[in-house]
């Protein structure tokens, strides 16, 4: 193989380094054996470079490829999905290293590395991941730069400086493209089916679903209010409304479950000031949104369902920002249609007979719907019910009977489930609402951080003249859950984030850790608001504010002109004439000597060695001969010493003094 086609040792080293830095953010979502493949591939390629092993043959490569496909299939149970696809790409990335023979193969591997770097954004666009991805881009670019240094056969850390300089030079152009180039949806907003279910609210509810979810410390969404933040006990973030109870599970009404006449939301009269706030949701792979009671959105693509919940026409595949206004005291559905009444009273026949008997007993003792509601809440409050994150398993049949009369240990979904059944059994329209309750207020930027462990379920009952009224039976059992949050509610049993020992939320009592966490969260909110949330609408508004009327010609001229302003300084710095070869001090001293002799009429010839130059002048000027020979010998010894030899500062100093002392004069004719 020709020298120019070989992969330099420096480039190979940087390629192997990039291999592992690109894999690092995916370690938590891929099987362990893929990491072992990376180690195996790196060892094999190093041994090939050292001449101990040979490149794999055709059948060996076929076996490794088929084994990779089979391993991913058995690890994930499918080859279709986000995680299996990325795992396939990562496996191919490692196996390509083993057959890295020529520069052509190196180019393929390096450009594949850029693509692997992008895949991390399919899962998250967190600020730390962005910074880490920038580091990966620098490392991959370093490998590309090293590939164009064929004479570099030693690992050279200085190569990364050149790559970093190139990235810095590209930054201004990147900023121009970010603000001015038409916003095209990035790769990570393309709908993809994830193999692993996202942590979040489900479209159905059975006892135990939300209790498992509450062990997660992930952020569900962040909200920022235009004015004062309401009290935590008033922060009920509606997400789903469950009106159907079938086979022990609550679910929402589908589009075709609702008659045409009932698909439009009833008009609502509002009075007083609204609560204005913006929400940034994390990806859920669903289309429902979260808001306070009776919210009206401010952007297209968000609709309101007839049960007064918000949903997006598009699946929330990426961080999603929207602003809404809410009226928590508004009367919702003052008049209940016959169809809606039937739906919100429907119960499966024969289920939970003991619970129905209790409901009938309490109903007979009540004078009104409100009295009955108060009686049920009093029952929850006075009986030995326990609020816990670890409720016992319930049977599929008559689960609420077992809960209400035997175990009496449950989470919010248990109490909302039982309460709603008791309301319907007494002839009061009722339904379950699932979402989040409360949230952590960040004092740094006055945002409300809602975590997955804030997931909550409560009930809504319909009362004449009042419409749908929120009733939270959990508050009757555990007031601390509503007033202080989940952590305080389960402090006695010690189950808060028990499965997440490294979560910073577990160390909120440590002041400096908590302050650092909150400041980073505030920075994350800015990143989401200004960068991730910078969509086509925000870009259009920005350009309209800056340029006024936007036309195609003006936009094209602005884009091209800005590119020119950004690229011109870079072009000047690259094209300006400069000395690309740095001279050593000993070379500068010798050139000073040659210049001095040239002014006296004895110029050095092109390609003439120091010894030959000194001898030629000595023949013409014998009085200079001995000194010139000593200077040329000293220079040759210093200039052509072995690369591994350490320069002697004393010899250089003696040579410098000798050159300065030698001051020949032009002879008088």
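All of the numbers you see were taken from the coordinates with simple rules; none came from a lab. Note that this is a predicted model, so its numbers are computed, not measured. Positions of Cβ are backbone-derived with ideal geometry, glycine not excepted, and every protein chain shown enters the neighbour counts.
Summary of computed values
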read-out: Those residues of segment 244-273 whose amide nitrogen sits under 17 Å from the label point placed on residue 341, 7 Å along Cα→Cβ; value: 262
read-out: Segment residue 52-residue 69, length gained on full extension (0.36 nm per residue, minus Cα span); value: 3.2 nm
read-out: Proxy reagent accessibility, fewest Cβ within 10 Å first, across 616, 657, 293; value: 657, 616, 293
read-out: Relative contact order computed over the chain (Cα-Cα under 8 Å; 6+ residues apart), in percent; value: 12 percent
read-out: Efficiency of FRET from Cβ geometry, residue 175 and residue 148, R₀ 35 Å, rounded to 0.05; value: 0.85
read-out: Radius of gyration, Dmax [segment 3-180; alpha carbons; angstrom]; value: 17.0, 54
read-out: Exposure proxy ranking, count of Cβ atoms within 10 Å, fewest first, for 276, 364; value: 364, 276
read-out: Correct option for Rg and Dmax of the Cα atoms in Å [calculated from the coordinates] among (i) 31.3, 99; (ii) 28.8, 95; (iii) 36.9, 139; value: (iii)
read-out: Distance from segment 310-366 to segment 4-26 (C-alpha centre basis), Å; value: 58 Å
read-out: Computed [θ] at 222 nm, helices only, for the chain once each DSSP H run of length n ≥ 4 contributes -39500 (n - 2.57); value: -15000 deg cm²/dmol
read-out: Label-reachable residues, segment 328-342, where backbone N falls under 18 Å from a point 7 Å from residue 296's Cα toward its Cβ; value: 328-334
read-out: Gain in span if fully extended, residue 40 to residue 657, counting 0.36 nm per residue against the direct Cα distance; value: 216.3 nm
read-out: Neighbour-count order for 52, 451, 414, 356, fewest beta carbons within 10 angstrom listed first; value: 52, 356, 451, 414
read-out: Cα convex hull of segment 585-661 - mean projected area over all directions, nm²; value: 5.1 nm²
read-out: Gap separating the Cα centres of segment 399-447 and segment 588-653, nearest whole Å; value: 93 Å
read-out: Where labels lie 7 Å past Cα in the beta-carbon direction, separation of residue 79 and residue 378 in nm; value: 6.7 nm
read-out: Percent of C-alpha pairs per 5 Å bin, segment 204-494, short to long; value: 1, 5, 12, 17, 19, 18, 14, 9, 4, 1, 0
read-out: Difference of contour (0.36 nm per residue) and Cα-Cα distance, residue 225 to residue 621; value: 133.4 nm
read-out: Cα-based helix-to-principal-axis angle, 412-425 vs the chain, degrees rounded to 10; value: 30 degrees
read-out: Separation in nanometres of the label points that stand 7 Å from Cα toward Cβ, at residue 130 and residue 665; value: 7.3 nm
read-out: FRET efficiency, residue 557 to residue 446 (Cβ-Cβ, R0 41 Å, nearest 0.05); value: 0.50
read-out: Label-point separation, residue 629 to residue 157 (7 Å along Cα→Cβ), nm; value: 4.7 nm
